Amino acid sequence: MKESDKYDKKSLKLVTGKTAGWDELAKDCVALANLRGGIIDIGIENQANLPDNNQIIPEELPAKIQKRISELTNNVGVIAEIKTADNGGQFVRVQILNSASTSASTTDGKYYYRSADTTAPLLPDELSRLFTDKPAFIWETKPVKSVPNNSCDEHKLAQFIHAIHHSDRVSSFVKEKTPAELLEHYLMADGDFLTNLGVLWVGKRNDRAKLAYAPVVQFLKFDEEENRVNKIVWDDYSLNPAELLEAVWTQIPDWKEGIEVADGLFRKFIANYPEKVVRELFTNALVHRPYTTRGDVFINLYPDRLEIRNPGLLPLGVTPQNILHKSVRRNEKLSQVFYDLLLMEREGSGYDAVYEELLTNGKRIPQTIAGDDSVKVIVKKQIAKPEIISFIYRINSEYQLRQKEMITLGILAQHQSCSATELSSILNQNDETGLRNWLGRLLDLGLVEKTGKGKGTQYSVSSELIRKINFKRKTSLKNIEDHRLEELIRKDVTAYPNSGFSEIHQRIGEEINLYKVRRFLKLMVEKGDLLMNGEKRGAKYFIKQNL
């Protein structure tokens, strides 16, 4: 099993060696407890999938592990037991229970969380998110004692059952359940009562209105001077989340607006805000908001942009930088309902779909801003580069690109060229392997070309491809050929002797990769074409004729 935010592997030496790593184990248990719980298998090495086939676990070890973890942590529940693997070797499986209503910490007062397969300490500003998320984790499944499970809105229940029966994401086993069993299966009912999730989805209007923070949605439209010119509010609690989603799309006429873009002999209509983008971003607002926090969802439409503002903070572990590929379900059961009813993309791919839709329509990627009490997503109305629309369509028709490849190609087409550092920053990839995953087959297919090495690596749309399909774009120095860059530097230093690196870079073109410029300065010094006085940041460059 691969290590993740719910699973970890540890060597047996961690708890049996002379220098046992109990503190490390305690931190991992705290991190998992703070994110819905998880499993740690002790006795399996990091690179292995099974324990040593001759490994025998001392009978007293599970009890010792439970005792030590209880001594080193607060609000962490663990169950340790000996397991036998398929190869006959033994290991200890430690199940860390979800610290549902309280925050877990080490006994010295430190908090941790799990990000992918890494345990990380919580910074002071992240603690507030942990404290916000904790009650949200149990909100969905908490029974509402005043609402019996036979007190559903019959129409909403019938709609829910019909949608489940017609979903290709739901197994036949689930579809065969009775209505009461379906409510239990989706945790909309607990015993004799509906849960908060049940009231939210299939409850009657009056019961939904009594929920502490049932969603209220406001649509506000502004003119050029930011005066409000239209307002639509859904605040009577008559609609469940699925109906709210449909109302927002069908009752706001502005979504139908757009422009026509010439594409050869034809013209293509490009919506100001594509339906897939609007639906996905509003779905995210409903699914990922904390239902234990007061605040309305605002859909603000300005002449040049759309802003969707959601109350609360981003889920723990998610930042504006990693939101493209980091998925944390704050409302896990509500997310499952949305997914099963075909109302949202699979986990972790929603933002990918938004990026793909915007880039293929020549628009810029969305901007996410996390405030002190809300999260705002901004989508620009303007088409950044109309020529990209035809370019992407023709490329995808011929090569059938994967989603990640399409996103990467769209980014490179908009930027003309990106350094490895710039592209990694946009895609929030910290290593070369992650970046290769997003580039996919683009290099092998000849759609993208790579130049330079190390930090000077540059990616751009293939020059041959640009000529082949007559892709029109503005001239830029980003892709300047090596010999031309060398000549440009020589002419600049001739005209401005005794110049430093930043001065040269600014004059010849700041869009040129700075690592590439630095590398060529070094090469030209080594060849004797340039002379250098000083070192590092204090270095000045000149040529012999300037002496």
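The values are calculated or read from the model by the stated rules, or taken from the named source; none is laboratory data. All values reported here derive from a predicted model rather than from experimental measurement. Here the Cβ positions follow ideal geometry from the backbone for every residue, glycine too, while neighbour counts run over all protein chains shown. Note: accessible area is taken over every heavy atom of the protein model, side chains too, but ligands, DNA and RNA are not part of it. Shrake-Rupley method; radii C 1.70, N 1.55, O 1.52, S 1.80 Å.
Considering the stretch 498-519 alone, what residues qualify as being open to solvent by 70 Å² or more (accessible area, probe 1.4 Å), in contact with a Lys or Arg (Cβ under 7 Å, 6 or more places away or on another chain) and more than 14 Å from residue 482 (Cα to Cα)?
Listed by number, the residues that qualify are 498, 511.
Which ranges mark the helices (runs of 4 or more DSSP H) fully within the stretch 155-206 that have 1 or more residues being open to solvent by 80 Å² or more (accessible area, probe 1.4 Å) and either modelled with pLDDT of 95 or more or closer than 22 Å to residue 332 by Cβ (or both)?
Qualifying helices (runs of 4 or more DSSP H): 172-175, 179-185.
Within the stretch 50-81, track down each residue that is open to solvent by less than 70 Å² (accessible area, probe 1.4 Å), in a loop (DSSP other than H, G, I, E, B) and polar (S, T, N, Q).
Hit for the stretch 50-81 is 55, nothing else.
Going by the conditions given, is residue 83 modelled with pLDDT of 95 or more, out of contact with any Leu (no Cβ under 6 Å at 6 or more places or on another chain) and of a type in the set (Lys, Arg)?
Taking the combined requirement at face value, the residue satisfies it.
Could you check, for the stretch 449-456, whether at least one of its residues is open to solvent by less than 60 Å² (accessible area, probe 1.4 Å), under 21 Å from residue 385 (Cα atoms) and touching a residue at least 40 places away in the same chain (Cβ under 8 Å)?
Checked against the condition, which is being open to solvent by less than 60 Å² (accessible area, probe 1.4 Å), under 21 Å from residue 385 (Cα atoms) and touching a residue at least 40 places away in the same chain (Cβ under 8 Å), the stretch 449-456 yields no hits at all.
How many of the residues making up the stretch 10-46 are loosely packed, with under 15 Cβ neighbours inside 10 Å and without any contact (Cβ under 8 Å) to a residue 24 or more places away in the chain?
Residues that pass the stated criteria total 6.
Looking at the stretch 103-126 only, could you name the residues that are surrounded by 14 or more Cβ atoms within 10 Å (Cβ to Cβ) and more than 20 Å from residue 23 (Cβ to Cβ)?
126
Which of (1) of a type outside the set (S, T, N, Q); (2) in contact (Cβ under 8 Å) with a residue 40 or more places away in the chain; (3) under 18 Å from residue 452 (Cα atoms); (4) surrounded by fewer than 18 Cβ atoms within 10 Å (Cβ to Cβ) does residue 522 not meet, given it meets every other one?
(2)
Name, by its number, the condition in (1) closer than 30 Å to residue 307 by Cβ; (2) under 33 Å from the mean Cα position of the chain (by Cα) that does not hold for residue 229.
(2)
If I filter the stretch 469-499 down to residues being under 23 Å from residue 422 (Cα atoms) and hydroxyl-bearing (Ser, Thr, Tyr), which single residue comes out as modelled with the lowest pLDDT?
Residue satisfying both the conditions and the ranking: 475.
Conditions tested, residue by residue: (1) among the aliphatic types (A, V, I, L, M); (2) at negative phi; (3) outside any loop (DSSP other than H, G, I, E, B); (4) surrounded by 12 or more Cβ atoms within 10 Å (Cβ to Cβ).
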| residue | (1), (2), (3), (4) |
| --- | --- |
| 214 | yes, yes, no, yes |
| 226 | no, no, no, no |
| 231 | no, yes, yes, no |
| 236 | no, yes, no, no |
| 239 | yes, yes, no, yes |
| 246 | no, yes, yes, yes |
| 249 | no, yes, yes, yes |
| 254 | no, yes, yes, yes |
